[in-house]
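Shown next, in structure tokens, is the structure this report addresses.
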Amino acid sequence: MFVRRRATAAALATVCALSLLAACGDKDGDKADADPSSSQSASQSTGGTPSESGDAIPVADPEHAVDQPGPLKESLEIADILVYSTKPLSDEIIDRIKKVKGVEVTEQFSLASVPIENRVVTLAAVDPATFRRFTVSGKQEEIWGRVAGGELATKQATGKRIQDKQAFVRLGADKDAPSVHVGAYADPPYGVDLVVNQKWGEELKMVEGNAMVIATGSASPQSVRKPLKKIIGDADVSIQMLDVVAREGLDPNARQTAVPTGTSVGAAVGVYNYRVVGGRVIPDAGWVAANIRTEDVPILGKVTCHKAMLVQLRAALTEVVEQGLGSKVYQTAGCFYPRFIAGTTSLSNHAFGMAIDINSAENGRGTVGQMDPEVVRIFKKWGFGWGGDWNYTDPMHFELAQIVDVQ
């Protein structure tokens with residue numbers, strides 16, 4: 001059985017055609033010349049190492065580059081279990097996990113939650129040389145060479161949804177959050193949406209080494225869960241089963257965790273623990289008590305939001321009234337609403353109380369909408385991002401993108 005599992009993963013790597021995106025050095029720079037010869041020389045001029053095909057792998061972002069991984073010599077593995085903590089996994093816990101019967105291969109890395117256009121995705125900062133063996137693209141050297149060169153890898157569907165026209169993704173809701181170029185489409189383990197190297201993890205102040213994927217080989221992943229739970233105990237660590245049975249839905253008995261990156265908005269959210277019951281998101285009661293408030297704001301009356309957002313929401317709506325635009329804002333579809341994005345298991349920013357929907361009737365997703373431009377300008381002034389600017393528009397949606405000082 002163990003041999004067959006490995007062989008299946010290797011076969012998938014062989015037949016899976018994964019797209020590679022052109023390296024891009026500057027989000028606002030000019031587009032590369034369409035002539036293949038000039039494009040090739042531009043890629044080679046950035047440095048890199050030869051791939052198996054003999055072509056140099058471009059280093060698109062030297063500031064965030066790590067050593068090129070070279071060819072993968074180890075066998076591919078299937079990620080069966082994800083261990084995810086709010087703190088670095090201790091050496092003691094790691095050693096004990098490795099000794100559990102049925103734990104065959106492990107890989108430690110950093111994992112965080114990143115809000116991008118009202119979709120909270122998981123971002124992994126990894127060592128490309130070793131993490132790659134837990135993906136079906138592990139043998140494709142160029143993909144992991146691009147990650148080593150400072151670019152991002154993600155599933156094609158995710159990348160198409162969140163990247164801008166130059167194939168950049170802004171890692172966070174903050175206005176000044178850094179952007180990273182999508183260099184390749186790959187298939188990271190279930191539970192991981194975006195993959196960057198460890199240099200990016202350092203810049204984003206991600207919790208170092210707070211996650212681990214586990215391959216159980218021929219052993220049942222379920223047989224490994226119980227001893228893992230004994231090791232972890234009641235610590236702030238969750239265990240998520242990634243095997244094919246668990247992929248049909250989230251484990252209702254597992255505590256899920258979102259660990260935001262070290263940005264101002266992310267710091268305000270803090271660590272968000274929740275459970276899933278019947279498809280509903282149930283956040284930790286302590287987090288709700290510490291962060292969610294119901295207060296009066298101009299025009300809309302009582303709203304329930306994160307305490308950090310309420311201050312700026314009140315300031316924005318006050319200015320809307322002062323500018324004589326009160327009639328342009330007449331209704332809200334809600335702020336704090338613990339839920340997933342429809343049809344997904346990705347948290348919405350509404351789950352944190354950090355987003356509000358306004359005038360929903362005429363501002364549906366995928367439309368230009370009818371939001372007054374001056375109202376939009378005022379909200380942006382007070383630190384909000386607007387869904388009308390997204391690739392797939394959501395003009396009713398305003399989310400906190402930056403913490404600003406309200407006097």
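Read-outs throughout are calculated quantities, based only on the coordinates presented, and are distinct from any laboratory measurement. These figures come from a predicted structure and were not determined experimentally. Note: ideal-geometry Cβ built from the backbone for every residue, glycine included; neighbour counts use all protein chains shown.
Can you give the extra length, in nm with one decimal, that the chain gains between V368 and S90 once fully stretched, where that is 0.36 nm per residue apart less the Cα-Cα distance?
Result: 95.1 nm gained on full extension.
What are the trypsin sites (Lys or Arg not before Pro) within the stretch 48-135 that DSSP puts in a loop, where the Cβ has at most 15 other Cβ atoms within 10 Å?
Loop-located and lightly packed - K73, K99, K101.
Please arrange E295, E203 by how many other C-beta atoms lie within 10 Å of their C-beta, fewest to most.
Fewest-to-most ranking of E295, E203: E295, E203.
D for the stretch 291-400, whole µm²/s, Stokes-Einstein with Kirkwood Rh over alpha-carbon pairs at 25 °C and 0.890 mPa s: what number?
177
If each of T304 and A285 carries a label point 7 Å out from its Cα toward its Cβ, how far apart are those two points in nm?
Modelled inter-label distance: 1.5 nm.
What list do you get for S220, S348 if you sort them by fewest beta carbons within 10 Å?
The fewest-first ordering by Cβ neighbours comes to S220, S348.
Under 13 Å from the Cβ of I403, count the other residues' Cβ atoms, weight Lys and Arg +1, Asp and Glu -1, and hand me the total.
Taking every Cβ under 13 Å from that of I403, the sum is -2.
If you average the C-alpha positions of the stretch 359-373 and of the stretch 254-323 separately, how far apart do those two centres end up, in angstrom?
Computed from Cα coordinates, the inter-centre distance equals 23 Å.
What's the center-to-center distance, using Cα atoms, between the stretch 194-238 and the stretch 57-85 in Å?
Cα centroid to Cα centroid, the span is 16 Å.
From a point 7 Å beyond the Cα of E63 in the direction of its Cβ, which residues of the stretch 157-171 have a backbone N at a distance under 15 Å?
169-171
By count of other Cβ within 10 Å, fewest leading, how are K380, K307 ordered?
Lowest count first: K307, K380.
What lysines does K160 reach when the alpha-carbon gap must be under 27 Å and sequence neighbours fewer than 8 apart in one chain are set aside?
Reachable lysines: K27, K31, K139, K175, K199, K205, K380.
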